[in-house]
Amino acid sequence: MNVASDTLTEENSAAAESKTQVNRAGRKMPRLSQNRIGENLRTGVYWIARLWFRGVFYGRTLRGRRPQALTMIPEENWPGSSDRGAGLVDGRFRFLNHTVSAEDLAVGRSDTGPSWQAEYHSFDWLRDMRAVGTEAARTQARTYVSEWMVANQKWHPVSWRPDVLARRICNWLTHAEFVSAGADGDFAEKFLDNIARQVRHLRRAGRFVPNGVDRMSITKSLIYSALCLPNSIRFVPRQIKAVARMSEEQILPDGGHIERNPLSQMEALRHLIDIRSVLNTATIEIPETLQRAIDRAAPMLRFYRHGDGGFALFNGSTESEPWLIDVVLTKANARGKPLTSAPHTGFERVSVNRTLVIADTGAPSPTGLGAHAGTLSFEMSVAKQRVIVNCGAYAGRDVTWRLAQRATAAHSTLVVDDRNSFEIREDGTIGGQGANVVAERLEADGNTWIDMSHDGYTASHGISHRRRIYVNGSGLDVRGEDTLDGSGEHKFSIRFHLHPSVKASLVQDGASVLLRLPDKSGWRMRCSGGIASLQESIYLGDGQETRRTEQIVIAGASQQGATQVKWALTKLTGK
């Protein structure tokens, strides 16, 4: 039975004749080569500078006037976890699902990778120890800081990495009173001197960081230090100008962050809120560009949320914690409902009744390290239940796993000859010429079409991929059409990764799949133009725990000219 042959045709064609274009004529996303030369040059110079940083004499250049006291202490805007803090008080450092004892850490017996080490060296966990609220927590935190200062006097590629350094400076300044209260004068003197040394290095090394959320973090750190360290107020005007510039460059007109990663969106918004807060504390006028950026970014943060309150998994994001997202939105104090379309960032959102579809309609950002090759992928949820997902992001040490999670096949989209639509590099960047992505959103009579295409396979295979997704006015009928247009025969697979809570069963000789959601409701996927099968998959919604799941794969081979596959997801009545 050609069950999906009417997808986006027959019953929809009449409506298509009268459809209203609500956003724009098909927009063209910029090619990835733009601004790449400058960023690559910046990165190359940093690697040369590292030779100087690790030299035996470099530490002497960080000497300077020793601060006697802080002129102000920034407010801590984000709540800590007393449960995590209690573990730290007891000597257990747990990051990225891996625990190391303080004793093992002190003698170098920890088997950890750069991501884990970055969490440790950032001191983000000081807010958790502060949340415990006991003198024992304060004393233990001070011990950890003292041990760190002894063990990290020389430059190290992780502990002195600009983004990690920026986080640590902000955390030490914010929690200076918590750490120092009751300490002897020797600790206070060394503590402030160490902060000053770190700031001097950050002023040098921070300039090499590519434009993105890490550079925003560095600018925040330099503002904090300029306001808190004596004789540093002269640096404030320069950093405020940098904030104003970054607010325009990094927060796009639709509110999306240039890294196109929901987690980066939240981090950027948190940085902007922190900067606004510290400027208010210092009674310095808030730049209009900063406030406008916050007002734009907050609705876009809502855009990325599924019905369960967590983030969709695009470009390295994790689900995150819904309560934390709520806190960020509350702190932003910016009104605005979730957008339906983010043309500058490259995403579309269709929310009808209980059904939500979020589609990636943009080329991967060359800015964000760890960008994924998931162009034209989509996620779908029903109420609080995730149904179609991307596989997520891997934060562990295994390079093979990291590359696999960034691959096109780890996303709910079409893959040609098991090749990525973009070149994925081990250093976390996107290589190759990239692709042009065109997208158009159309609405009529409560129905929505998303029409998108990319030419990421043109250079390697001589073909282009077009995807059309249709959601009807009830949200109970979601249909799609994937078209390959070009020369030659190529194997393709259209992947629909399922959330682990969804149970799937294959019926009708590969033409239909039944899906059972946690609330016992049922959906049916039908297809034509390819053979459907169920295969194993994995899900890394939190970036740490690997969960087994399944994926629907529609397989076939393209022919000369246009090859079309149609599929439909329909809610089963009465279930």
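The values are calculated or read from the model by the stated rules, or taken from the named source; none is laboratory data. Note that the structure is predicted; figures quoted are calculated from it, not measured. Here the Cβ positions follow ideal geometry from the backbone for every residue, glycine too, while neighbour counts run over all protein chains shown.
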Of those in segment 60-107 that are surrounded by 15 or more Cβ atoms within 10 Å (Cβ to Cβ) and β-branched (Val, Ile, Thr), the residue nearest to the chain's Cα centre (by Cα) is VAL100
Reported set for segment 393-417 where residues are among the polar types (S, T, N, Q) and either at pLDDT below 95 or outside the structural domain of LYS566 (by TED's automatic domain parsing) (or both) is THR400, GLN405
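Being farther than 29 Å from LEU517 by Cβ and not hydroxyl-bearing (Ser, Thr, Tyr) narrows it down to one of PRO366, PRO299, so name that one.
Step by step, each of PRO366, PRO299 is checked, and only PRO366 is farther than 29 Å from LEU517 by Cβ and not hydroxyl-bearing (Ser, Thr, Tyr).
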Practice prompt. Kindly indicate whether any position in segment 373-381 is surrounded by fewer than 18 Cβ atoms within 10 Å (Cβ to Cβ) and of a type outside the set (Phe, Trp, Tyr).
Written response: no
Can you find even one residue in segment 254-277 that is over 21 Å from HIS411 (Cα atoms) and free of Cβ contacts under 8 Å to residues at least 24 places away in the same chain?
-> yes
If you check THR375 against the conditions, is it assigned by TED's automatic domain parsing to the domain that holds LEU515, within 19 Å of ILE450 (Cα to Cα), within 18 Å of the chain's Cα centre (by Cα) and not aliphatic (A, V, I, L, M)?
yes
Counted residues in segment 288-332 being among the polar types (S, T, N, Q), in contact (Cβ under 8 Å) with a residue 24 or more places away in the chain and over 20 Å from ILE388 (Cβ atoms) come to 1
The residue that is surrounded by the fewest Cβ atoms within 10 Å (Cβ to Cβ), considering only those in segment 460-471 that are in contact with a Gly (Cβ under 8 Å, 6 or more places away or on another chain) and not in a strand (DSSP E or B), is GLY462
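For segment 512-519, check the following and say yes or no: at least one residue is of a type in the set (Ser, Thr, Tyr) and closer than 20 Å to SER377 by Cα. So that I can check it myself, show each step before the final result.
Taking segment 512-519 and keeping what is of a type in the set (Ser, Thr, Tyr), we get 512.
Still in the running and closer than 20 Å to SER377 by Cα: none.
Checked against the condition, which is being of a type in the set (Ser, Thr, Tyr) and closer than 20 Å to SER377 by Cα, segment 512-519 yields no hits at all.
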Out of (1) touching a Leu at 6+ places or on another chain (Cβ under 9 Å); (2) in a loop (DSSP other than H, G, I, E, B); (3) modelled with pLDDT of 85 or more, the one ALA373 does not meet is (1)
All conditions in (1) farther than 20 Å from GLY480 by Cα; (2) touching a helix residue (DSSP H, G or I) at 6+ places or on another chain (Cβ under 8 Å) are true of ALA312 except (1)
Listed by range, helices (runs of 4 or more DSSP H) wholly within segment 91-204 having at least 3 residues that are at pLDDT below 90 are 102-106
Of (1) over 18 Å from the mean Cα position of the chain (by Cα); (2) in contact (Cβ under 8 Å) with a residue 40 or more places away in the chain; (3) surrounded by fewer than 22 Cβ atoms within 10 Å (Cβ to Cβ); (4) assigned by TED's automatic domain parsing to the domain that holds GLU319, ARG204 satisfies every one except (4)
Residue pairs within 8 Å by beta carbon, gap of at least six or interchain, first lying in segment 207-235 and in a loop (DSSP other than H, G, I, E, B), second aromatic (Phe, Trp, Tyr), listed first then second, are VAL209/TYR46
Review point. Can ASN280 be described as among the polar types (S, T, N, Q), modelled with pLDDT of 95 or more, under 21 Å from ALA166 (Cβ atoms) and over 15 Å from the mean Cα position of the chain (by Cα)?
Key: yes
Checked against (1) over 24 Å from the mean Cα position of the chain (by Cα); (2) surrounded by fewer than 16 Cβ atoms within 10 Å (Cβ to Cβ), GLU248 satisfies every condition except (1)
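Every residue, every condition in (1) closer than 12 Å to PHE303 by Cα; (2) at pLDDT 95 or above, yes or no:
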| position | (1), (2) |
| --- | --- |
| TRP323 | no, yes |
| ASP326 | no, yes |
| ASN333 | no, no |
| ALA342 | yes, yes |
| GLU348 | yes, yes |
| ILE358 | yes, yes |
| THR361 | no, yes |
| PRO364 | no, no |
Here the residues within segment 339-363 that are surrounded by 24 or more Cβ atoms within 10 Å (Cβ to Cβ), out of contact with any helix residue (DSSP H, G or I) (no Cβ under 9 Å at 6 or more places or on another chain) and of a type in the set (Gly, Ala, Ser) are GLY346, ALA359, GLY362, ALA363
| Of the residues that make up segment 510-519, is at least one surrounded by fewer than 17 Cβ atoms within 10 Å (Cβ to Cβ) and more than 18 Å from GLN385 (Cα to Cα)? | yes
The residue from SER493, SER501 that alone is surrounded by fewer than 22 Cβ atoms within 10 Å (Cβ to Cβ), in contact (Cβ under 8 Å) with a residue 12 or more places away in the chain and in contact with a Pro (Cβ under 6 Å, 6 or more places away or on another chain) is SER501
key: Residue check for GLU285: charged (D, E, K, R) and either touching a residue at least 40 places away in the same chain (Cβ under 8 Å) or within 30 Å of ALA373 (Cα to Cα) (or both)   = no
